[in-house]
Amino acid sequence: KAKSDGRNTWRFYDEEIDKANIDKFNLLQQIRLALKEQQFQLYYQPKVNLTTGAITGAEALVRWPQLDGSVISPLEFIPLCEESGLIVELGHWVLQEACRACQRWQQLGYGGITVAVNLSSVQFRDGALEQSVQQALKDAGLPAAALELELTESLLIGEALNIQQQLDQLSSLGLTFAIDDFGTGYSNLGYLRRFNATTLKIDKSFISSLCMSKRDEPLVQAIVQLAKSLGLNTVAEGVEDAQTLQKLQQMGCDEAQGYFWSPPLPEADFLRFLPSV
Ligand code: C2E
Ligand code: MG
Ligand code: MG
Ligand code: MG
């Protein structure tokens, strides 16, 4: 009896693994189809200058709208896209779309507005990133200076295949880099200099608790001061209330984004959010 119990246990695990694999496989198929049918949508979250209140740009964030009206968050499908390599195709679409949108804003008279695009380390492994970025800029007719690429620290510390060279090539196109989610990774400042990022985005986990946690205040203050001394622009992500905004202003943080101003919006709503020109 013990033996057949054992076998049953194994069968149980097999089925669980099978089911997880089938779910994953199905989701991947759906993502492939969604890419082909252009079901993905880019949302734009405004970024605000904390001194002037002006909108300096937007971060492009991908969304997957469903037929029932719900929207699937990138946190649910980006990891699978990275694992499968589909992120290369999705990432290229995001670049194309974001550059075209920003070019439209510039046409409408919002000349100084920039667009920020999140990159995955898998896109660097692919080897065709520079070409993809260059193509997107060219197809859209967008000046490279209007494009900011957001990288995470894990990319910079990864054992990565000529990352430095790729970043240099991208940089020579005239675009800029921001380090995303700063403070959650290794926070090795040497990297910031080496990869000549112009902006440091302070992770929202520190910002959202800024007014609650006594411990986060000196931390954020230190990050802002450090960034300043390195000549980097600071952006706080996840600002949700006026009190946090005020603290950040006192600390000398340059820019911010968050629900206090606006969640990420479809392009039409983002345009309505901009002041009229
Ligand atoms: P991220 O780049 O750090 O983006 C900021 C996230 O914070 C976004 O989540 C945004 O909606 C959310 N957020 C903004 N303001 C607030 C706020 O006030 N409160 C709170 N609680 N959250 C706020 P989202 O859009 O779900 O994106 C999650 C992550 O998915 C992004 O984090 C980014 O790492 C990744 N992602 C999104 N779009 C892309 C893409 O096109 N390519 C790649 N590779 N990754 C993407
Ligand atoms: Mg980002
Ligand atoms: Mg971020
Ligand atoms: Mg984040």
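Of all residues assigned to the stretch 119-138, at least one qualifies as being in contact with a Lys or Arg (Cβ under 9 Å, 6 or more places away or on another chain), closer than 23 Å to residue 74 by Cβ and either among the aliphatic types (A, V, I, L, M) or at pLDDT 95 or above (or both). Taking every residue in the stretch 173-188 that is over 12 Å from residue 153 (Cβ atoms) and in a loop (DSSP other than H, G, I, E, B) and pairing it with any residue that is of a type outside the set (A, V, I, L, M, F, W, C) and more than 9 Å from ligand 3 (Cβ to nearest atom), at least 6 positions away or on another chain, the pairs with Cβ-Cβ distances below 8 Å are 173/130; 173/134; 174/143; 175/148.
Scanning the stretch 117-166 for residues that are closer than 14 Å to residue 102 by Cβ and either of a type outside the set (Gly, Ala, Ser) or within 19 Å of the chain's Cα centre (by Cα) (or both) yields a total of 14. If only residues of the stretch 195-206 that are surrounded by 14 or more Cβ atoms within 10 Å (Cβ to Cβ) and over 16 Å from residue 121 (Cβ atoms) are counted, the one that is farthest from ligand 3 (Cβ to nearest atom) is 198. So, residue 275, is that one out of contact with any strand residue (DSSP E or B) (no Cβ under 6 Å at 6 or more places or on another chain), of a type outside the set (Ser, Thr, Tyr), assigned to a loop (DSSP other than H, G, I, E, B) and within 16 Å of ligand 2 (Cβ to nearest atom) or not? Spelling it out, it is not the case that residue 275 is out of contact with any strand residue (DSSP E or B) (no Cβ under 6 Å at 6 or more places or on another chain), of a type outside the set (Ser, Thr, Tyr), assigned to a loop (DSSP other than H, G, I, E, B) and within 16 Å of ligand 2 (Cβ to nearest atom).
For the stretch 146-156, state whether one or more residues are modelled with pLDDT of 95 or more and over 22 Å from residue 113 (Cα atoms). No, the stretch 146-156 contains no residue that is modelled with pLDDT of 95 or more and over 22 Å from residue 113 (Cα atoms). Residue count for the stretch 115-150 satisfying the condition of being under 21 Å from residue 45 (Cβ atoms), outside any loop (DSSP other than H, G, I, E, B), within 16 Å of ligand 4 (Cβ to nearest atom) and of a type in the set (Gly, Ala, Ser): 1.
Tell me, please, whether a residue that is in a loop (DSSP other than H, G, I, E, B), closer than 18 Å to residue 51 by Cα, charged (D, E, K, R) and more than 16 Å from ligand 2 (Cβ to nearest atom) can be found in the stretch 223-233. No, the stretch 223-233 has no match at all. On the stretch given as the stretch 207-241, residues that are more than 16 Å from ligand 3 (Cβ to nearest atom) and of a type in the set (Ser, Thr, Tyr) total 2. Scanning the stretch 189-214 for residues that are among the polar types (S, T, N, Q), within 13 Å of ligand 1 (Cβ to nearest atom) and free of Cβ contacts under 8 Å to residues at least 40 places away in the same chain turns up 205, 208, 209. When 60, 146, 128 are checked against the criterion of being among the aliphatic types (A, V, I, L, M) and over 28 Å from residue 276 (Cβ atoms), 128 stands alone in meeting it. Taken as a whole, the condition of being touching a residue at least 24 places away in the same chain (Cβ under 8 Å), acidic (Asp, Glu) and either in a helix (DSSP H, G or I) or on the phi > 0 side of the Ramachandran plot (or both) applies to residue 217.
Residue 137 satisfies every condition listed in (1) in contact (Cβ under 8 Å) with a residue 40 or more places away in the chain; (2) in contact with a Cys (Cβ under 8 Å, 6 or more places away or on another chain) except (1).
The values are calculated or read from the model by the stated rules, or taken from the named source; none is laboratory data. Keep in mind that what you see is a predicted model, and the values were worked out from it rather than measured. Using ideal geometry, Cβ is built from the backbone for each residue, glycine included, and neighbour counts are taken over all protein chains shown.
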